[in-house]
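Asks: Quick one: the structure is below, questions incoming.
The values are calculated or read from the model by the stated rules, or taken from the named source; none is laboratory data. Please read all numbers here as calculations on a predicted model, not as lab measurements. All Cβ positions, even for glycine, are placed from backbone atoms using ideal geometry, and neighbour counts span all protein chains on display.
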Amino acid sequence: MKKLLLLACFTLIFHNYLESQSLPQIRGWNILSDSFTDDLVTLSAANTYNINHLQLSHDLVMDLQELRDPKRQKLVNDLIAEAHKAGIGEVVVWDHALYNLKYYPDQFKTGPANTIDLDNPSFWDWFRSDYRNLMSLVPDADGVVLTFIETGARAENQHSLKLKTGPEKLAAVVDAVAEVVCDEMGKQLYIRTFAYTDAEYLNTIGCIGHIRNDKVRLMMKETPHDFFLTHPNDKYAGTIKRPTIMEFDACNEFNGQGVVANTWPEYIIRRWSDLIKRPNVMGYVARTDRYGDTRLVGTPNEILLYTLKRYTEDQTLTADEIRKEFITTRYGQKALKPLSPAFKMAYEIASSSFYTLGTNMANHSKLDYDPYKSSYGRHVSGKWLDPPVVNVKHNVNRQFHYWTDVIEHLSPARFKTSDGPLLEEAPWVVENKWVTPAEKMNEEYLRYIIAEKRYGVKQAEKALKLVTRAKKYMDKESYNQVYNLFLRTLITARAYEAAATSYFGYRIWAQGEIYRTEWLREIMNEALKNLLIIAEEIDNYSEKVPRGQWNWRGDASTLREYHELITKTGWKEYGNVVLK
């Protein structure tokens, strides 16, 4: 009997050992918010999620030089201490290098146009000394996440006769930081890649090839450039022979920032199931908030953090199984039947509201069709797809070419010329004449837009109705939280429907009398009326709304502004035409 018991114990220990060995080495979170109260709530859950790596960034620290502010320095050091107390072994802070050129002493700016002479050994002595001083401001930090691309004083633009290329100059900066952080201090350095185009990615990869220090690790986003639902997975992730952690945006910078329902395990699994298998990928880090009090922990949107945890532990799990675990644990078995389909609808609502025909048109989740030009160039997923096509469902059920169909019709004419980012970031689009410098919005595309936006509203209405059915199974506080999340989701979907119909309809109206059909007049009048109704509904919304980067209540002002522009003043770019 004793032998059997010992064998069982050994088997269990060995099984647990194997299981722990199979887990990615890094299971991380990234806190962006400088709300100490909210950050502590996030840290209190870290142990449950087996978090062993924490990053402090954005509103806490983007550049180490910011820590010279005593208040910020204390906040960051307090959080480092709390994180270690919570059992997180590695706590790192963000930095960007080089800083603005003004930061560096004039004695080193002897290159052309007062650039830094990177061939001057004294500059590197000063640089390393300065980095030691900056690191001394956070003595208990375990390392740094360094963004070294597209920084203030771009290293590739500084002077050097010895370093012949931009990648070599960038690598010199990384190696100088690594010498201090890794070699002298025995801490960890992660370099974070960032690029707007494939060409910039190749420049970054070229730089990494020149980095001499073999202790430097990589951090790469789940997607190229930025976190859009329609972007493909980053094709370069895992291809570089350095340990790499994948950066996930669980708080949805462009898709609602936790203010609306972002309850989609399917999306996380779709990305992570691919990335987790790639060579050199050693784990993940997930953003846990989008500033202020938008933390995920303690909200229904925490399901995204839960999905990363559970799928990392068991890659046989399905989205439905993970959703079931989360809902039954948080809200009880009886709430599962109505809440599960409601949670599942969130992706369709967001992707048909914040997105239009497959491209994101929300300015960091803010309603902003015009004048936000990035929506019509920089953020288009077609930059990263070959062929650049998208299959849009959402009651549209059509394949579109991102450029000849979507951007050609949706973009204002001025953003398809030198006023937009296309010439610099996607010149082949202009060279191929996939877009033309003319107004192309028409009734066909307006009907597609309206169909998609109405689909989003219908899905949001269904989801909210399902949530109300769960009321009798939930405690009051939990129900109110879930109900208000989905109520804001519905109001948001309705706002996008009214604004899109009004704005894109206006652009047809402004083209002249021949385009002003009775249908267009009726559909626009209805939408314009709804702009004011929804704006008032937002104003009268009495519950607390999480506030970070996106001010959800501020969209009411945008709705009224669009109404004013269309009915009273007109957009100057369209000849100040108004709807009468």
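Asks: Suppose we filter THR558, THR567, THR517 for residues that are under 30 Å from THR299 (Cβ atoms) and among the polar types (S, T, N, Q); which single one remains? Please lay out each step first, then the result.
Replies: On the way: THR567 fails: under 30 Å from THR299 (Cβ atoms); THR517 fails: under 30 Å from THR299 (Cβ atoms).
Of the residues listed, the single one that is under 30 Å from THR299 (Cβ atoms) and among the polar types (S, T, N, Q) is THR558.
Asks: Also: I need the full set of residues from region 86-133 which are closer than 20 Å to ARG192 by Cβ and among the aliphatic types (A, V, I, L, M), in order please.
Replies: Hits for region 86-133 are ILE88, VAL91, VAL92, VAL93, ALA97, LEU98.
Asks: Whether any residue in region 253-270 is under 13 Å from the mean Cα position of the chain (by Cα), of a type in the set (Asp, Glu) and at pLDDT 95 or above is what I want to check.
Replies: Among the residues of region 253-270, at least one is under 13 Å from the mean Cα position of the chain (by Cα), of a type in the set (Asp, Glu) and at pLDDT 95 or above, which makes the answer yes.
Asks: Could you tell me how many of the residues in region 150-166 are in contact with a strand residue (DSSP E or B) (Cβ under 9 Å, 6 or more places away or on another chain), more than 10 Å from ILE116 (Cα to Cα) and small (Gly, Ala, Ser)?
Replies: Here the count works out to 1.
Asks: Go through region 534-546 and report how many residues are touching a residue at least 12 places away in the same chain (Cβ under 8 Å), in a helix (DSSP H, G or I) and of a type outside the set (D, E, K, R). Before you say what the answer is, go through the steps one by one.
Replies: Let us first name the residues in region 534-546 that are touching a residue at least 12 places away in the same chain (Cβ under 8 Å), namely 534-539, 541, 543, 545-546.
Adding the requirement that they be in a helix (DSSP H, G or I) leaves 534-539.
Now drop any that are not of a type outside the set (D, E, K, R), which leaves 534-535, 538.
Number satisfying all stated conditions: 3.
Asks: Also: Cβ-Cβ under 7 Å, sequence separation 6+ or interchain: first residue in region 508-520 and over 15 Å from GLU439 (Cα atoms), partner modelled with pLDDT of 95 or more and of a type in the set (Phe, Trp, Tyr). Which pairs?
Replies: ARG516/TRP509; LEU520/TRP509
Asks: Taking region 260-271, which residues are touching a Phe, Trp or Tyr at 6+ places or on another chain (Cβ under 9 Å) and surrounded by fewer than 24 Cβ atoms within 10 Å (Cβ to Cβ)?
Replies: Just the residues of region 260-271 that are touching a Phe, Trp or Tyr at 6+ places or on another chain (Cβ under 9 Å), to begin with: 260-269, 271.
Correct list: GLU266, TYR267, ILE269, ARG271.
Asks: Go through GLY283, GLY332 for me and flag whichever is within 23 Å of ILE26 (Cα to Cα) and small (Gly, Ala, Ser). Working first, answer last.
Replies: Details: GLY332 fails: within 23 Å of ILE26 (Cα to Cα).
Just a single option satisfies the conditions, and that option is GLY283.
Asks: Output the residue which, of all residues in region 429-443 that are in a helix (DSSP H, G or I) and either surrounded by 18 or more Cβ atoms within 10 Å (Cβ to Cβ) or at pLDDT 95 or above (or both), is nearest to the chain's Cα centre (by Cα). Working first, answer last.
Replies: Pass one, region 429-443, residues in a helix (DSSP H, G or I): 429-431, 443.
Adding the requirement that they be either surrounded by 18 or more Cβ atoms within 10 Å (Cβ to Cβ) or at pLDDT 95 or above (or both) leaves 429-430, 443.
On the way: VAL429: 25, VAL430: 27, GLU443: 33 Å.
The residue in question is VAL429.
Asks: For GLY283, are the conditions met, namely being part of a loop (DSSP other than H, G, I, E, B), of a type outside the set (Asp, Glu) and in the same structural domain as ASP226 (by TED's automatic domain parsing)?
Replies: Details: part of a loop (DSSP other than H, G, I, E, B): no; of a type outside the set (Asp, Glu): yes; in the same structural domain as ASP226 (by TED's automatic domain parsing): yes.
Here the answer is no, as GLY283 does not meet what is asked.
Asks: Can you go through PHE248, PHE254 and tell me which one is crowded, with 18+ Cβ neighbours inside 10 Å and under 20 Å from THR356 (Cα atoms)?
Replies: Numbers: PHE248 fails: under 20 Å from THR356 (Cα atoms).
Result of the check over PHE248, PHE254: PHE254.
Asks: Kindly evaluate ARG310 against the criterion of being in the same structural domain as GLN481 (by TED's automatic domain parsing) and either at negative phi or surrounded by fewer than 19 Cβ atoms within 10 Å (Cβ to Cβ) (or both). Spell out the reasoning first.
Replies: Working: in the same structural domain as GLN481 (by TED's automatic domain parsing): no; either at negative phi or surrounded by fewer than 19 Cβ atoms within 10 Å (Cβ to Cβ) (or both): yes.
No: the conditions fail for ARG310.
Asks: Suppose we filter LEU146, LEU202 for residues that are at pLDDT 95 or above and under 28 Å from the mean Cα position of the chain (by Cα); which single one remains?
Replies: From the options LEU146, LEU202, the qualifying one is LEU146.
Asks: Same structure, new question: Examine region 403-415 for a residue that is under 24 Å from the mean Cα position of the chain (by Cα), modelled with pLDDT of 95 or more, closer than 26 Å to GLU526 by Cβ and among the hydrophobic types (A, V, I, L, M, F, W, C), and state whether such a residue exists.
Replies: Yes, region 403-415 contains at least one residue that is under 24 Å from the mean Cα position of the chain (by Cα), modelled with pLDDT of 95 or more, closer than 26 Å to GLU526 by Cβ and among the hydrophobic types (A, V, I, L, M, F, W, C).
Asks: Something else now. Can you pull out every residue in region 375-413 that is of a type in the set (Ser, Thr, Tyr) and buried (at least 22 other Cβ atoms within 10 Å of the Cβ)?
Replies: Taking region 375-413 first, the residues of a type in the set (Ser, Thr, Tyr) are 375-376, 381, 402, 404, 411.
Result: SER375, TYR376, SER381, TYR402, SER411.
Asks: Continuing with the same structure: Could you look through region 158-176, keep only residues that are in a helix (DSSP H, G or I) and touching an Asp or Glu at 6+ places or on another chain (Cβ under 8 Å), and pick out the one that is surrounded by the fewest Cβ atoms within 10 Å (Cβ to Cβ)?
Replies: Of all residues in region 158-176, those in a helix (DSSP H, G or I) come to 166-176.
Okay, now just the ones that are also touching an Asp or Glu at 6+ places or on another chain (Cβ under 8 Å), so 166-167, 169-170.
On the way: GLY166: 18, PRO167: 21, LYS169: 23, LEU170: 27.
For region 158-176, the residue satisfying everything is GLY166.
Asks: Yes or no: GLY505 out of contact with any Gly (no Cβ under 7 Å at 6 or more places or on another chain) and on the phi > 0 side of the Ramachandran plot?
Replies: On the way: out of contact with any Gly (no Cβ under 7 Å at 6 or more places or on another chain): yes; on the phi > 0 side of the Ramachandran plot: no.
No; evaluated as a whole, the condition is false for this residue.
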